[in-house]
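Just below is one structure, and these are the notes that go with it.
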Amino acid sequence: MLAGLLLAVSYFDAHNHFTGILPYQAYADLPAYIAAFSDPKRSVGVADRLKLYHYLAGWYDATGSKLDDRLFSPADGQRFAFGARAALFIDRARVAGSVAALDGTIERVLTATPWTEFDSAYAFRGGPASLYLRDQFYGGSDDRLGGDLCKATVLELAATHIDSSEQSLPFIGGWKFSEGKSYPLDTIECVMHARDDPSIRSALAAMKKPMPAIEIVLMTHTAQLGMLSHESQYREWSKTGACAPTALPASLATAPKTIYDALMGWDAGKAVVASTDAVRYFDDVVGIDTAAPETTCFTDEGMAYYEELAGAVYRASKDRRLAGWRGKLLVHTHVGEGAIVDYAPAPPARPWLFGNAFASLPASWTNAAQAEANITMLLAAIRHFQREHPDANRYVIFRLAHATWATPEQAQEMHDAGVEADVNLESNVATGAYPVSRMPLGSTLLVNRILPLAQNWATNFELNDLLGTLVSDPSDPSQAGAVLGNAALKYLLEAHVRCLLGTDADGVEHSDIVREYQYAGALIAYWKRTDPVFRARLGNAETSVLFDNVRKHLADMASGEVVAY
């Protein structure tokens, strides 16, 4: 009954990443994937997926194997996870004769699984998988491929019941124009003009879906929040287990002035869009996001940078008002999510075999205490910014992304400061930010459910979507509670923080906005049944409180005045 009710409402995805929305099948034959929105018979076939697998396996032989056992690939700083590379190596004898092995292997490469990090999925999608599409279907044209990736993403949002969303778009280092082209600007212009694209309108009509409302937030890199005084280093913990100075690549830096200019539609003071698009640009580009795997240890210098970044957004909001725009801008920051560094500090033994690569979950290395400490530092910086700018709430909205390890005390402080939170339940399990060890029945599930599936080659791929395997009915309070019952959503709701739900890129994270609401509704019922404190603080509140929060957020973003939190 809950599922039917939820499908009747309008869904807002508060946390999504534009480059991670498409399912892995789309990378096997993107033109066929787009055509299937209008005609489902024209779907991506097994032969197409097999061709993609052979291309990726060839990439591993020629390039990936040269990465050896290093945790990180060379200069570009992206991860190609051991689990993804091992899957391409180990399963090559099985994929031609088993669709399950074929799909499971590609999924392990292009999504977040217990053996593959989400950054690895992005690295493969933006690297060899995109090269395959470009050369196989688009005559080597990056522009044609980019246009279709954008079109497919818009249609995928509609197909997954997302009516409106805030999408994080990589903007590290700014526009990065090359030969007059900029990937961020091309994507923004595609979003702005999607409603005018006849092919998108035709596909939506065939799907009987409305055009999703898409708003873009420009993504900078979390490393700068851990900067040290000389700005060439930052503090991070993944390489040693303790916060230590590490070189900060210049390629990860984004200046606050660059953000101000971008929010105004400029590049170094020069307009990047036509004057006829200026109003639409302001409506569609609505703030910033600071994101990366949370291996960073926030510092005083990093928090000073954060306040400068927030100040750039605050000034842009004021100056947009002077230009006739009305509304607020978002300062969205990934924090308190934690990070999982698989196979660290020791990689899996060579030769890679099923038994030493996949028959058990990797010995992951996390740092929940640092995630909690980062929340404390960021909240202090927000409070300081609000004291220095008493009218800040007229111009900006602060939101913590994930807050997976938030404490009850931090949740209360978020409420008192008028700071929002977005919660991404499925993503947190997919990335390991919410690990098995934190699940109320984690040890039982590990012994009785997870390891038997992992140790059997025929069932191992079922664990690619770990949460979907552990919970057969997301609307069932007992099932959801056994797995997600220790989620920080409980503390955020108890403190009446304005909580919003997100998928965090459904194609990478095995997530779905309808299921997010099903899980959240089941958890509310579970906590009301099992925790008298939660029951007393929430009263008669149901899943509707989350939809109410969406309405409040959207009203706040659209208003030029302070809106009651």
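Cα centroids of the range 377-446 and the range 152-199: how far apart, whole angstrom?
A separation of 27 Å, based on Cα centres.
Is the chain rounded, prolate or oblate when judged by the Cα gyration tensor, a ≥ b ≥ c being the square roots of its eigenvalues, rounded requiring a/c under 1.5 and prolate requiring a/b larger than b/c?
In terms of gyration-tensor shape, rounded.
Within the chain, which whole H helices from DSSP have a Cα span along their axis of at least 27 Å and a mean Kyte-Doolittle hydropathy of 0.0 or more, if any?
Once both thresholds are applied, what remains is 368-388.
Only four residue types carry charge here, +1 at the Cβ of Lys and Arg and -1 at the Cβ of Asp and Glu. Report the dipole size of the chain about the Cα centre in Debye, rounded to the nearest 20.
That gives the chain a dipole magnitude of about 440 debye.
For the range 140-228, run through the GluC sites (Glu not before Pro) and keep only the ones in DSSP coil with at most 12 other Cβ atoms within 10 Å of their Cβ.
Hits after loop and neighbour filter: E179.
I need the trypsin sites (Lys or Arg not before Pro) found in the range 153-262, filtered to DSSP loop residues with at most 15 other beta carbons within 10 Å of theirs.
K176, K208, K239
Please report Rg (one decimal) and Dmax (integer) in Å for the Cα set of the range 368-470.
Values for the range 368-470 (Cα only, Rg and Dmax): 18.7, 60 Å.
Report the relative contact order of the range 283-403, percent, no decimals, based on alpha-carbon pairs under 8 angstrom and at least 6 residues apart.
Here the relative contact order equals 38 percent.
Quick one: compute the contact order of the range 451-517, relative version, from alpha carbon pairs under 8 angstrom and 6+ residues apart, as a percent.
Rounded, it is 16 percent for the range 451-517.
In Å², and per residue, what accessible area does the chain have when probed at 1.4 Å with the other protein chains present?
Here the residues of the chain average 37 Å² of exposed surface.
Roughly what % of DSSP beta bridges within the range 178-289 run antiparallel, to the nearest 5?
The antiparallel fraction comes to roughly 65 percent.
Using a 1.4 Å probe over the heavy atoms of the protein chains, calculate the carbon and sulfur portion of the accessible area of the chain as a whole percent.
About 55 percent, which is the carbon plus sulfur part of the accessible surface.
Can you give me the relative contact order of the chain as a percent, contacts being Cα pairs under 8 Å and 6 or more apart?
17 percent
Looking at the range 276-435 only, what percent of DSSP beta bridges run antiparallel? Nearest 5 please.
10 percent
For F534, what is the net charge nearby, where nearby means another residue's Cβ is under 9 Å from its Cβ and Lys, Arg count +1, Asp, Glu -1?
Residues close to F534 contribute a combined charge of +2.
Please list, by residue number, every one of the trypsin sites (Lys or Arg not before Pro) in the range 299-397 that is coil in DSSP and has at most 13 other beta-carbon atoms within 10 Å.
R326
Taking every DSSP beta bridge with both residues inside the chain, roughly what % is antiparallel (nearest 5)?
Of those bridges, close to 25 percent are antiparallel.
The values are calculated or read from the model by the stated rules, or taken from the named source; none is laboratory data. None of the values given here were measured: they were computed from a predicted structure. No Cβ is skipped: glycine too gets one built from the backbone with ideal geometry, and neighbour counts run over all protein chains shown. Keep in mind that these areas ignore ligands, DNA and RNA; they rest on the heavy atoms of the full protein, side chains included. Shrake-Rupley method; radii C 1.70, N 1.55, O 1.52, S 1.80 Å.
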